[in-house]
1. Looking at the range 33-47, which of its residues are part of a strand (DSSP E or B) and β-branched (V, I, T)?
2. Can you work out which of the residues in the range 1-23 that are touching a residue at least 40 places away in the same chain (Cβ under 8 Å) and part of a loop (DSSP other than H, G, I, E, B) is surrounded by the most Cβ atoms within 10 Å (Cβ to Cβ)?
3. Among the candidates V57, V62, single out the residue that is touching a residue at least 12 places away in the same chain (Cβ under 8 Å), among the β-branched types (V, I, T) and surrounded by 15 or more Cβ atoms within 10 Å (Cβ to Cβ).
4. Out of all the residues in the range 65-79, which are crowded, with 16+ Cβ neighbours inside 10 Å and out of contact with any Asp or Glu (no Cβ under 9 Å at 6 or more places or on another chain)?
5. When F50 is evaluated against the numbered criteria (1) aromatic (F, W, Y); (2) modelled with pLDDT of 95 or more; (3) in a helix (DSSP H, G or I), which criterion, by number, is the only one it fails?
Amino acid sequence: MISYEDFRKAELKIATIKEVVLHPQADRLYILTVDTGSATKQVVAGIRLFYEPDKLVGRQVVLVDNLEPAVIRGVESQGMLLAASDDTGVCVLSPDRHVKEGSIVK
């Protein structure tokens, strides 16, 4: 278990996907450009088997905005999308209506 205080350290924000590029070194990864309202970030996400690029561009997602950058298969990722998974695949978490980029997820 983690404490409530530890959980509060995660900055969950709404971001809009602006661009989707196929990762050159991994067939399950996309390189996404997302707008957080205050910055544009690059995020590597393992959702390629479940979404076509045109279904992602313009979509709002929940982003962990304050993760330390990580290099994934040679590409820097500056955040993480939240998604759910079950026996049928992966589902990216999104708000049920359009909200301002950078809105805090509580």
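The values are calculated or read from the model by the stated rules, or taken from the named source; none is laboratory data. The structure displayed is predicted, hence computed values, not measured ones. All Cβ positions, glycine included, derive from the backbone under ideal geometry; neighbour counts span all protein chains shown.
1. T33, V34, T40, V43, V44
2. H23
3. Exactly one residue qualifies, and that residue is V62.
4. Filtering the range 65-79 for residues crowded, with 16+ Cβ neighbours inside 10 Å gives 65, 72, 75, 77-79.
Within the range 65-79, I72, V75, S77 meet the criteria.
5. (3)
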